[in-house]
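Asks: Below is the structure I would like to discuss, written out as structure tokens.
The values are calculated or read from the model by the stated rules, or taken from the named source; none is laboratory data. Just so it is clear, the model here is predicted, and its values are computed rather than measured. In this analysis, Cβ positions are derived from the backbone assuming ideal geometry, glycine residues included, and neighbour counts consider all displayed protein chains.
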Amino acid sequence: MPEGHTVHRTAKIFQKTFAGQQLKVWSPQGRFAAESALLDNRVLVRAYAIGKQMFLKFDRDLTVRIHLGIYGKWRFEAKPDGVAPEPVGQVRVRFETQTNYADLRGPTACEILTDEQVKALRSKAGPDPLNPDQSGAECERFVQMVLRSKTAIGLLLMNQDVLSGIGNVYRAELLFRAGLDPHRPGNSISREQVEAIWRDSVKLLTVGVAKGIMITRDEFLTKRPTVDQRYFVYKREGQPCRVCGVNVAIELMATRKLYWCPGCQS
């Protein structure tokens with residue numbers, strides 16, 4: 001499942017390609033046909049993301065909410081001669097102009113919401129490191145949810161109501177960089193440590209948007225590392241920790257694989 005940086009990056013592409021234009025919207029697969037009819041020939045006002053969810057705001061109080069889930073994929077292509085090729089496979093919905101098109105396949109969620117519904121959904125979503133605010137209110141909201149909870153920090157970071165956009169990779173790497181045992185209850189962690197997790201998540205996800213890949217080792221943030229160089233612990237189970245030499249551990253935490261270093265995170 002794409003983590004938050006990928007969804008934000010996709011929203012930026014959609015914004016740059018389609019915002020301010022009247023779109024042809026249709027459902028080759030047919031599963032979004034009624035909704036497409038409501039959107040067809042309307043102007044896309046804005047494309048944006050909150051965590052792992054992408055929103056396409058059209059005129060007249062209509063917004064498309066898209067959650068890719070595990071199988072969802074986007075394809076963006078130009079139309080050099082003004083004609084798009086026939087859709088291939090199960091395309092849920094196609095958005096197009098005279099010069100470009102985007103095909104969406106296999107999303108977990110693809111629905112139309114009113115402005116009020118979007119507002120309600122946004123109020124329930126956890127703070128998004130890629131949508132920080134100057135006042136620090138989003139950081140404080142995250143801090144308070146963690147400090148009030150007896151739940152393990154390894155579970156809290158995967159809860160989209162607590163922190164939007166974080167998945168298995170960033171969960172493992174943020175906790176390693178913080179030197180925190182994934183099993184520690186949120187309310188046993190200091191405010192300073194929780195604030196540091198927020199700042200680090202802003203830093204790492206911003207790099208992810210810019211680079212298009214996840215990188216969590218500082219020495220590679222400005223480079224193009226190979227896959228096996230990007231991470232401290234993720235998918236390195238049984239290998240020596242890059243810092244202390246203790247073998248990286250793996251276990252299941254609420255059905256998801258958890259990678260961590262018993263030496264650095266004890």
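Asks: Tally time: how many residues in the range 57-91 are hydroxyl-bearing (Ser, Thr, Tyr) and part of a loop (DSSP other than H, G, I, E, B)? Break it down stepwise before answering.
Replies: Narrowing the range 57-91 to residues hydroxyl-bearing (Ser, Thr, Tyr): 63, 71.
Remaining after also requiring part of a loop (DSSP other than H, G, I, E, B): 71.
Adding up the residues that qualify gives 1.
Asks: Let me ask something else about it. Could you please find all residues in the range 161-175 being of a type in the set (A, V, I, L, M, F, W, C) and either assigned to a helix (DSSP H, G or I) or farther than 16 Å from His5 by Cβ (or both)? Write out each step before concluding.
Replies: Just the residues of the range 161-175 that are of a type in the set (A, V, I, L, M, F, W, C), to begin with: 162-163, 166, 169, 172, 174-175.
Val162, Val169, Ala172, Leu174, Leu175 - these are the residues of the range 161-175 that are of a type in the set (A, V, I, L, M, F, W, C) and either assigned to a helix (DSSP H, G or I) or farther than 16 Å from His5 by Cβ (or both).
Asks: How many of the residues in the range 92-140 are assigned to a loop (DSSP other than H, G, I, E, B), closer than 19 Å to Val64 by Cβ and either in the same structural domain as Val209 (by TED's automatic domain parsing) or within 20 Å of the chain's Cα centre (by Cα) (or both)? Lay out the reasoning, then the answer.
Replies: Of all residues in the range 92-140, those assigned to a loop (DSSP other than H, G, I, E, B) come to 97-99, 106-108, 114, 125-136.
Checking the rest, the ones that are also closer than 19 Å to Val64 by Cβ come to 97, 106-108, 114, 125, 128, 131.
Now drop any that are not either in the same structural domain as Val209 (by TED's automatic domain parsing) or within 20 Å of the chain's Cα centre (by Cα) (or both), which leaves 106-108, 125, 128, 131.
Looking only at that region, the number is 6.
Asks: Output the residue which, of all residues in the range 233-255 that are touching a residue at least 40 places away in the same chain (Cβ under 8 Å) and surrounded by 13 or more Cβ atoms within 10 Å (Cβ to Cβ), is nearest to Ala178 (Cα to Cα). Spell out how you get there, then give the answer.
Replies: Narrowing the range 233-255 to residues touching a residue at least 40 places away in the same chain (Cβ under 8 Å): 233-234, 253-254.
Next, only the ones that are surrounded by 13 or more Cβ atoms within 10 Å (Cβ to Cβ) stay: 233-234, 253.
On the way: Val233: 13, Tyr234: 15, Met253: 19 Å.
Across the range 233-255, the extreme among qualifying residues is Val233.
Asks: How many residues does the range 153-162 contain that are within 30 Å of Leu62 (Cα to Cα) and touching a residue at least 60 places away in the same chain (Cβ under 8 Å)? Let's see the steps before the verdict.
Replies: Of all residues in the range 153-162, those within 30 Å of Leu62 (Cα to Cα) come to 158-162.
Filter again for touching a residue at least 60 places away in the same chain (Cβ under 8 Å), leaving 158, 160.
Number of matching residues: 2.
Asks: Look at Met158 and say whether it is closer than 29 Å to Tyr48 by Cβ, outside any helix (DSSP H, G or I) and at pLDDT 95 or above. Talk me through it step by step, then tell me what you get.
Replies: Values: closer than 29 Å to Tyr48 by Cβ: yes; outside any helix (DSSP H, G or I): yes; at pLDDT 95 or above: yes.
Yes: the conditions hold for Met158.
Asks: Suppose we filter Phe95, Phe58, Phe32, Phe76 for residues that are over 18 Å from Ala125 (Cα atoms) and out of contact with any Lys or Arg (no Cβ under 9 Å at 6 or more places or on another chain); which single one remains?
Replies: On the way: Phe95 fails: out of contact with any Lys or Arg (no Cβ under 9 Å at 6 or more places or on another chain); Phe58 fails: out of contact with any Lys or Arg (no Cβ under 9 Å at 6 or more places or on another chain); Phe32 fails: out of contact with any Lys or Arg (no Cβ under 9 Å at 6 or more places or on another chain).
Every option except Phe76 fails the conditions.
Asks: Is the range 233-240 home to any residue that is closer than 24 Å to Val7 by Cβ and among the charged types (D, E, K, R)? Even if it seems obvious, please write down each step before you answer.
Replies: Initial filter on the range 233-240 (closer than 24 Å to Val7 by Cβ): 233-235.
Filter again for among the charged types (D, E, K, R), leaving 235.
The answer is yes, given that some residue of the range 233-240 is closer than 24 Å to Val7 by Cβ and among the charged types (D, E, K, R).
Asks: Are any residues in the range 127-152 in contact (Cβ under 8 Å) with a residue 40 or more places away in the chain and β-branched (Val, Ile, Thr), and if so, which ones?
Replies: Result: Val143, Val146.
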